[in-house]
Every structure is written in C-alpha cells, then in structure tokens.
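Read the structure below first, then the notes.
The values are calculated or read from the model by the stated rules, or taken from the named source; none is laboratory data. Everything quoted here is computed from the prediction, not taken from an experiment. Positions of Cβ are generated from backbone atoms using ideal geometry, with glycine treated the same way; all protein chains shown enter the neighbour counts.
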Amino acid sequence: MTEAEEIIKKLEQNLSSFEISPKVQNIGTVETNTDGVVRASGLSQAVMGEIVEFETGDRGVILNLDQDFVSIILFSKGEKIKEGNKVKRTGNLLSVNVSEELLGRVVNPLGEPQDGKSKIKKNKLMPLEKIAPGVIEREPVNTPLKTGIKAIDALIPIGRGQRELIIGDRGLGKTAIAIDTIINQRNKTGKKPVICIYVAIGQKQSNIARVIGKLEEEGALSFSIIVSAPSSFPATLQYIAPYAGCAIAEYFLEKGEDILIVYDDLTKHAWAYRQLSLVLRRPAGREAYPGDIFYLHSRLLERAVKLNGDNGGGSITALPIIETQANDISAYIPTNVISITDGQIFLQSDLFNAGQRPAINIGTSVSRVGGSAQTQAMKSVAGKLKLELAQYRELAAFSQFGSELDPETAKLLERGKRTSEILKQGQYNPLPESLEILSIWLVTNGHLDDTPIEKLQSFEREFHEFVKRSEPKILDFLLIGEKPSEEIIKRMEKAVSEFKKIFK
Amino acid sequence: MNRKQIEKLVCLSYTKGRLDEVKVQKISRILSKRLLKEYIKFLKRYEQKNKLIIVISQSDPKEIIKIRKHYEKIFPKKNIVFQEDKTLIGGIKIIDNDKIYEFSLKGIFDELINNQTL
C-alpha cells in the first residue's frame with residue numbers, strides 16, 4: 001500500500017467513526033487565584049483529580065470539591081489567570097504518556113521532555129493514581145536485586161519487589177547508594193537489564209544534572225529514565241513526580257519487566273504536599289503536615305510489587321530516600337516511611353566522618369524480606385560476617401574501659417577492624433557479586449589477619465585482579481550463586497596463598 | 001447570620017420568579033457590609049442558576065419567538081436571554097449555568113480540529 005493510500009484509508013476510518021453529536025461542556029469561573037491554587041465556581045460535574053484547562057492555556061488538577069467551589073492546583077505559575085476567567089473540564093484524570101522511547105530520557109512529571117531532545121510520541125496514558133496490586137497477584141520476594149555494594153548485598157540484601165528505605169542526614173551518600181545501584185544494573189551478560197527510574201523531587205538542578213552526567217558516563221542512562229521535578233518547579237509538579245515515576249514503572253511492569261525506582265527524596269515530597277495542603281486550607285496536624293500524610297507515602301510505596309508468573313512476573317523495587325535532621329530517625333516523616341517500607345539503610349554522620357564509606361550503620365539498618373532473596377553463595381559467607389560484626393561492636397564498646405585484653409578478645413577486635421575496613425567501598429564502584437563474595441570470604445576466614453589494615457584496600461583490589469587473571473573459574477562458579485563446593489574453596493585458598501607471596 | 005440564612009434571604013427577594021427591587025432594598029438596609037457582600041454574591045449566583053442564555057448566529061425576531069417557545073417548554077423555570085454571535089456560523093449554543101450545549105457549526109468544526117489524527 002502506498003503512503004497516499006494509507007492516509008486515505010485512515011481518513012475513511014475516521015469518517016466511519018465520526019458522529020455529529022452535540023457537545024456538552026462543563027465550565028467554571030475563576031473566583032480567586034492565590035499561591036498556585038485557583039478557586040472556581042461552577043464545574044458542578046468535575047471529579048476529584050481531573051485535569052482542567054483555563055482559557056489562558058494553563059492547566060491544573062482538581063484537589064478539593066466544595067459545595068460551591070472547586071480548588072485547582074496549577075501545573076504552571078498561572079500569573080495570567082484572573083478573576084472571571086473561564087475554566088473547562090478535560091474529562092481526563094492525571095496521567096502520563098509512556099512508551100519505550102522514554103528510556104534514556106529526562107522528563108518532567110507530566111511526561112514532557114526536559115533534555116532538549118525530540119518529542120516523545122504518544123503511546124499509552126498511564127494513570128498517576130492507581131490501586132496497588134492485591135495479594136492474589138503478588139508473590140514473595142525471591143530474586144535478589146544486587147546493588148554492587150558489599151555491605152548492602154551481604155548484610156542488608158534487597159530483593160526485587162522490595163521497598164528499602166535509604167535514610168540519613170544530608171551529604172552522607174544516600175543518593176550515591178542509589179546511583180551505584182543503578183550503575184550496577186548494567187553489564188548483565190545475556191540478561192535483560194533492570195529498568196531504572198530516578199525521580200528527583202525538590203532538588204537543585206545542578207545536582208540532577210550531575211546525576212544524569214554520571215549515569216551517562218557510566219553507560220547506565222540507556223536503561224534509565226529520569227523524572228525531574230527540581231525545586232524551581234511548582235509544588236504541584238513536585239507532589240505528582242513520584243506518582244508519575246511509578247506510573248512509568250507500571251507501564252514496563254505490564255510488559256513483565258523488572259524495574260528499580262528511586263524516590264530522591266520523600267522528605268521534600270512531604271514538604272511539597274504540606275505546602276499544597278496549607279494553601280488549600282486543609283486542617284494542619286503535627287509539624288503542620290495534613291492528616292493524610294501517611295497515606296500519601298503508603299499508597300505510593302505499596303505499588304512496589306513482585307508479581308507472580310500468571311501476572312507477568314515483573315517487579316517494581318522501590319528505594320525511597322529520606323533526609324533526617326541531626327540523625328533523628330524518630331521524626332514524623334522518617335517514622336512514617338520506616339513503618340511502610342520493608343527495611344532501611346541508615347547512614348550515620350559519625351561513621352562518615354570516621355572514614356567508613358558507605359557510612360552504613362549495620363546495627364540500625366535492616367532488610368525484612370531481602371534475606372530470602374540472597375543467593376546461597378552470599379548466604380554462606382554473610383552469616384559469619386554478621387556474627388563477627390555484632391561481636392566486634394559489643395567488644396569495641398567494652399574494650400574502651402580496660403587496657404588489658406586477653407588474646408582471644410584482641411583477636412576478635414583485630415578481625416572486626418579488618419571486617420569494617422573491607423566493607424569500605426568507593427563511590428561509583430559497584431562490584432559484581434562474585435568479587436563481593438571473594439572479599440567477604442577473605443576476611444571472615446582470617447586470610448587478612450596478617451595484613452596491615454592500611455594495606456587492606458590495595459590487597460583486596462589487587463587480589464580481585466589476580467583471581468580474574470589466574471583463576472577465572474572461581475568467579476564463574478561464584479556468579480552462579482550456589483554455595484561454594486569444597487573444591488572451589490580449596491582453589492580459593494590456593495589462590496590466596498599464591499597471591500600473598502607476590503603481594504607487597 | 002450563616003450561609004443558609006443568606007440563601008433564604010435570596011429566595012425571599014423574588015416575587016413570582018422575578019427579582020423584587022423593593023424587597024431587595026429592604027433586605028440590604030438590615031445587612032452589615034460583610035453580609036451585604038455575601039448577599040450580592042449569592043444573588044448573582046442565584047441569577048446565574050436561573051438564567052438560560054441562548055446564543056444564536058442571526059437575530060431574526062420570528063426565529064427568536066419560535067426558539068423561546070421551544071425552550072420554555074424544556075426549561076419552564078428559567079429566565080431565557082438571547083445573545084447574538086456571528087462566529088457560530090449556524091446553529092445555536094445554550095449556556096445553562098455551568099453547562100454549555102454546543103449545537104453550532106463552529107462547535108462541529110472545533111471538534112473536527114481537536115479530533116484530527118493525521
């Protein structure tokens with residue numbers, strides 16, 4: 001069929017479905033426009049969450065339905081909207097246009113490109129608000145989502161479909177953990193990469209640009225989508241940003257894909273919602289947050305899911321980020337999100353200042369469901385690590401009171417120091433699981449007891465290179481995820497003894 | 001005075017479906033500035049609710065009588081007002097408070113433009 005014939009056929013199809021029917025419109029009149037909220041009379045048939053359009057071209061969404069008025073929050077500054085302007089319903093609920101073209105792109109919460117590249121073609125409109133899948137459609141978390149960070153993969157493992165909170169003060173590396181996790185999703189030979197969505201809420205444009213640049217540099221942008229709602233955007237867009245990110249994730253979930261979504265950060269999201277609620281004159285509660293602040297985050301995070309095989313088997317793993325003030329995790333929003341999520345990674349400033357990076361506090365960090373998703377290979381080495389770290393923490397506090405220690409205690413303390421040292425890891429340097437297992441195996445089996453602490457980092461790095469060169473079969477085996485056999489352990493021990501001869 | 005009482009005052013301002021000036025003057029004298037403001041607002045809204053605007057493309061007196069009779073049957077309690085708008089090209093547009101019924105040629109053309117897929 002020629003191009004002309006195709007066009008004519010399309011026109012004919014349009015003609016067959018074309019009906020001349022009277023159009024009924026529901027309109028309203030603007031009464032007030034203050035602080036990004038418009039009160040309009042009329043619009044008697046409008047529904048909650050519906051998009052409305054003003055005669056000035058501005059758009060907004062209905063968030064309050066009163067007896068005589070509706071309150072509309074604007075997507076733009078709305079400076080041109082005046083009293084008496086007409087506003088009409090669009091009949092559409094809040095939704096975002098999603099297609100595969102979004103991969104590698106930066107969009108705003110309305111799905112409009114922000115990276116100066118081509119327009120995104122219309123494909124499927126996904127609703128921003130959706131009821132989370134029910135228990136029948138779900139299955140327990142059973143597949144690991146590897147972060148490439150030793151401390152997390154070994155001690156606080158994350159599974160696909162889990163909600164793991166990253167919490168800590170500003171500047172402690174919360175975003176760095178999320179970015180490392182995204183970077184680690186590349187290089188999966190033969191496997192589909194996990195699609196990563198990074199939702200930036202209320203952040204500085206420069207920070208967002210840095211994240212995008214880093215992802216591009218590390219080759220992780222091709223399977224990532226950035227939903228950007230910087231602090232310069234109206235509070236409305238900041239409020240809908242995580243829901244837009246989740247709607248995009250659900251599009252890929254319907255296709256049976258695995259998705260990782262990072263909400264950076266939900267503290268600012270709560271601030272945006274507080275602002276909207278106050279200008280909408282909703283009653284303020286604790287810390288001036290509205291009464292439904294818990295539901296705001298619970299309905300979002302409940303959409304993280306691991307679907308069973310009958311429903312496509314896809315998953316959405318959520319990594320919400322919360323910023324605390326002075327390490328206070330008992331504040332209002334942190335406690336809310338801690339209770340919603342399946343665990344938290346707690347970053348502490350003391351550890352950060354002491355040079356422990358990532359500054360994860362192993363004692364207060366927990367993963368409630370990820371343990372069942374850990375591979376047998378990792379489980380075999382991580383169990384011992386947890387025990388040793390717990391003993392070390394107890395003894396380290398106790399040893400401060402006395403100067404004389406028995407040899408057994410001194411040995412445990414030395415081992416603990418080495419364990420803490422081996423858990424240190426540079427930024428943007430996620431490791432494959434095989435190398436993580438190798439490092440942890442080294443320390444838990446005492447192979448590093450005779451190495452000075454200051455040389456541990458270089459020992460680890462060079463040993464990885466040595467194994468890659470001389471014993472690649474060990475790494476191939478560890479990648480499978482099975483518990484290492486006697487033969488593999490012997491080969492690992494042999495490799496260590498050979499490496500120690502050449503290591504200076 | 002609460003909202004319901006003001007609404008009641010607005011209803012009392014009408015005699016046989018028409019706004020009674022004497023009643024309005026009497027009511028306005030007993031109200032404070034704030035309440036008078038509210039009263040005017042409610043009065044405007046009441047008027048808007050009870051008004052049916054019919055927009056036509058050409059004002060032909062015979063046609064107007066015909067249309068008025070027709071719509072008086074459909075909206076017996078409404079005060080029908082006619083407006084002329086040549087941009088409609090043909091047909092009529094009815095504005096009933098916050099609802100617009102578009103039966104004009106312009107409306108059809110607008111719909112065609114909005115629904116074009118090519």
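Data table
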| quantity | calculated |
| --- | --- |
| Single residue of A:LEU412, A:LEU475, A:LEU395 found to be surrounded by 15 or more Cβ atoms within 10 Å (Cβ to Cβ), closer than 30 Å to A:GLY171 by Cα and not β-branched (Val, Ile, Thr) | A:LEU395 |
| Within segment A:20-51, tally of residues that are without any contact (Cβ under 8 Å) to a residue 40 or more places away in the chain and more than 8 Å from every other protein chain (Cβ to nearest Cβ) | 3 |
| Test for A:VAL135: is it touching a helix residue (DSSP H, G or I) at 6+ places or on another chain (Cβ under 6 Å), farther than 22 Å from A:ALA220 by Cβ and not aromatic (Phe, Trp, Tyr) | no |
| Residue among A:ILE474, A:ILE422, A:ILE502 that alone is under 20 Å from A:PRO358 (Cβ atoms), modelled with pLDDT of 90 or more and not acidic (Asp, Glu) | A:ILE422 |
| Matching entry among A:GLY111, A:GLY134 (being buried (at least 20 other Cβ atoms within 10 Å of the Cβ) and among the small types (Gly, Ala, Ser)) | A:GLY111 |
| Matching residues, segment A:357-386, being assigned to a loop (DSSP other than H, G, I, E, B) and over 13 Å from A:ILE149 (Cβ atoms) | A:ASN361, A:GLY363, A:THR364, A:ARG368, A:VAL369, A:GLN374, A:THR375 |
| Segment A:416-472, subset over 26 Å from A:ASN361 (Cβ atoms) and of a type in the set (Phe, Trp, Tyr), residue surrounded by the fewest Cβ atoms within 10 Å (Cβ to Cβ) | A:PHE466 |
| Lone unmet requirement of (1) in a helix (DSSP H, G or I); (2) charged (D, E, K, R); (3) free of Cβ contacts under 8 Å to residues at least 40 places away in the same chain for A:GLU462 | (3) |
| Count of residues meeting criterion [among the charged types (D, E, K, R) and assigned to a strand (DSSP E or B)] in segment A:35-88 | 6 |
| Breaking point among (1) within 14 Å of another protein chain (Cβ to nearest Cβ); (2) in a helix (DSSP H, G or I), for B:ILE100 | (2) |
| Residue satisfying condition, being within 14 Å of another protein chain (Cβ to nearest Cβ) and more than 30 Å from B:LYS106 (Cβ to Cβ), within set B:LYS44, B:LYS8, B:LYS26, B:LYS37 | B:LYS37 |
| Within segment A:304-323, considering residues that are under 21 Å from A:PRO290 (Cβ atoms) and surrounded by 22 or more Cβ atoms within 10 Å (Cβ to Cβ), the one farthest from the chain's Cα centre (by Cα) | A:ILE322 |
| Qualifying residue in segment B:56-68 (condition: under 20 Å from A:ASN26 (Cα atoms) and either in contact with a helix residue (DSSP H, G or I) (Cβ under 9 Å, 6 or more places away or on another chain) or part of a helix (DSSP H, G or I) (or both)) | yes |
| Positions within segment A:22-40 being farther than 30 Å from B:GLY90 by Cα and over 35 Å from the mean Cα position of the chain (by Cα), in sequence order | A:GLU31, A:THR32, A:ASN33, A:ARG39, A:ALA40 |
